[in-house]
Amino acid sequence: MRIRSFQALVPPAGLAADFASPPYDVLNTAEAREIIAKQPKSFLRVVRSEATLQEGVDPYSPEVYEQARKNFVRMQEEGELVRENSPQIYLYRQVMGDHAQTGITAVCHADDYAAGLIKKHEKTRPDKEDDRVRLNTALSAHIEPVFLAFESNAEIEKLMEHTAKTDPFLDFTAPDGIRHTLWRMPDTDAVVKAFAAIPHSYIADGHHRSAGAARVGLAKREANPKHTGEEDYNWFPAVIFPQDQLKILPYNRLVADLNGLHPEEFLVRVSHACTLSPSAPPSPAKPGQVSMYLGGHWLGLNFEVPAGADPVSRLDVSLLQDKILAPILGIEDPRTSKRIDFVGGIRGTDFLRAEVDAKRTSVAFSMHPVTMRQLMDIADAGQIMPPKSTWFEPKLRSGLFIHTF
C-alpha cells in the first residue's frame with residue numbers, strides 16, 4: 001500500500017465536539033437542518049450545505065456546491081478549521097459502548113484504487129459519484145475520509161500501540177455518545193514503510209468517495225501537462241483499520257406489501273423455498289438464518305446453501321433475495337424497487353416490529369451480519385455484494401481532518 005502524510009485542516013480542540021459531523025450519506029436534508037439548528041458550528045454546513053439554504057432546493061444544484069465552498073472558506077477565515085504546521089499521519093480511535101476500533105489516517109493514491117490495490121465490493125451509482133466529484137472540485141478538497149480495512153500486521157499494531165501511549169490532540173464525545181480520540185503519529189516514515197509491506201486494502205465504507213476522488217485526480221492530471229503523480233490531487237484521505245477490529249451490523253429489510261398474496265398463501269410459498277420455523281429470536285443466531293416478522297410474530301427462515309456456491313451466493317442477503325424477495329414478493333431489483341426499504345442494524349429489531357405493527361409496511365426481515373472475512377473473500381474474488389449488505393458502526397466523523405489539493 002502507498003500512503004503518505006498530509007497537511008490537514010483540523011478543528012481546534014475546544015470546538016471539535018460541536019464541529020465534527022455525521023457523514024453525508026447517513027442523514028437527509030431535514031435531519032441535517034435539525035442538527036445545524038442545535039449545533040450551528042456543525043461541519044454539516046459543508047457536508048450537507050443545502051440544509052443552510054432555503055427549503056426545497058435541489059441538493060445537486062450548482063447553488064449547493066457554491067454554498068458549500070462559501071461555508072468552507074468562512075470556516076477557515078473564522079478559525080473553525082486550522083491548517084496543521086506540518087504533514088501528519090494520525091491515529092484515530094472510536095469507542096461505542098464496549099466496542100473500540102483504532103485506525104491510521106493518511107492519504108492513499110488514486111492510482112492504487114484504479115489498479116485494484118484498494119479493493120471494492122459494491123457497485124457505485126453514477127449520480128452519487130457525480131455529486132462527490134462536483135463537491136471535491138468546488139472545494140479543492142476531500143472533506144470526508146474513506147473507511148478502509150487491511151489484514152492485521154504486527155509492525156503496524158506496534159506503531160499504533162506506541163502512539164496511543166502519548167497525549168492525544170483531540171479527545172471528545174460526540175452528541176451520539178461515541179468517543180473520538182486522535183493522536184499525531186510521531187514516526188510517519190516508519191508508518192509509510194510498514195504499509196508498503198501490505199499488499200492491498202479493502203473498502204469497508206466509502207465506495208462513492210473513493211470513485212469520486214479517483215475521477216477528480218484523473219481530471220486534474222489531464223489538465224496538467226507537468227503532471228508527476230505526486231501532486232496532492234492524486235491522493236485522498238482514508239482511515240485504515242485492522243480488519244479484526246471492525247464491527248459490522250446487519251442491514252435489515254422492510255417490504256411494503258406481500259405482492260398481492262394473503263398472509264397464509266405467502267407463508268405456504270415461503271415454506272416451499274426454505275425451512276420455516278414457527279418462532280425465532282428477533283436477531284438470527286448464525287449465518288443461513290433470517291428472522292421474519294409478520295402478523296405479530298417472529299418466524300425463522302433457514303436456508304440451505306447450494307453446493308459449490310460462490311462467495312456472493314452464500315450470503316444471507318443473496319439467499320433471501322433469490323428465494324423469497326424476487327420469486328415470491330416480486331422484487332427483482334432491490335436497487336430500484338420502491339417496495340423495499342433497507343434499515344441499518346443500529347436501529348435494532350424493535351424498529352422493524354414497530355413498522356409492521358403500525359402497518360407502515362407488511363413484513364420485516366432481520367438479517368445476520370455479514371462478516372469481514374466474507375466481505376474480503378468477495379473482494380478478493382472480484383465480485384460485487386448485493387446492495388445494502390453491510391452496515392458499519394461506528395461511522396467515521398466528518399470534519400476532523402480535511403485534505404486539500
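Quick note: the coordinates plus some simple rules give every number you see, no bench work behind them. Since the model is a prediction, treat every value here as computed from it, not as a measurement. Note that each Cβ is placed from the backbone with ideal geometry, even for glycine, and that neighbours are counted across all protein chains shown.
Quick look at the numbers
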| item | result |
| --- | --- |
| Anisotropy class of the stretch 299-405 from Cα gyration tensor, a/c 1.5 cut | oblate |
| Which of SER152, ALA32, ALA164, positive extreme of dipole for the chain (C-beta unit charges) | ALA32 |
| Built amide H within the under 5 Å cut-off of ALA326, gap 5+ | ILE331 |
| Protection-proxy order for peptides 34-40, 101-107, 324-330, each taking the mean of Cβ atoms within 10 Å per residue, highest first | 101-107, 324-330, 34-40 |
| Relative contact order %, the chain, counting alpha carbon pairs below 8 Å whose residues are six or more apart | 24 percent |
| Computed label-point distance, nm, for sites ASP171 and GLU63 using a 7 Å Cα→Cβ extension | 4.5 nm |
| Extension reserve of the VAL305-ASP187 stretch, reckoned as 0.36 nm per residue once the Cα distance is removed | 37.7 nm |
| Most mobile listed residue (LEU315, LEU375, LEU261) in the chain, GNM with C-alpha springs under 10 Å | LEU261 |
| Gyration tensor verdict on the stretch 251-368 (Cα atoms; rounded if a/c is under 1.5, prolate if a/b is larger than b/c, oblate otherwise) | rounded |
| Where labels lie 7 Å past Cα in the beta-carbon direction, separation of SER140 and HIS162 in nm | 3.6 nm |
| Nonlocal amide H pairs with ARG4, under 5 Å, H built at 1.01 Å | VAL107 |
| Most mobile listed residue (ASP167, ASP131, ASP232) in the chain, GNM with C-alpha springs under 10 Å | ASP167 |
| Leading residue at positive end of dipole, the stretch 251-368 (Cβ point charges), from TRP298, ILE328, LEU352 | LEU352 |
| The stretch 1-94, relative contact order in percent, only Cα pairs under 8 angstrom and at least six apart counted | 42 percent |
| Euclidean distance of C-alpha centroids, the stretch 66-143 and the stretch 242-270, integer Å | 33 Å |
| Of ALA280, ALA358, ALA138, the one that fluctuates the most in a GNM where the chain has Cα springs shorter than 10 Å | ALA358 |
| Inter-probe distance in nm under a simple model that places probes 7 Å from Cα toward Cβ, at ASN28 and GLN383 | 3.4 nm |
| Computed [θ] at 222 nm, helices only, for the chain once each DSSP H run of length n ≥ 4 contributes -39500 (n - 2.57) | -8500 deg cm²/dmol |
| Cα gyration tensor shape for the chain, rounded if a/c is under 1.5, else prolate or oblate | prolate |
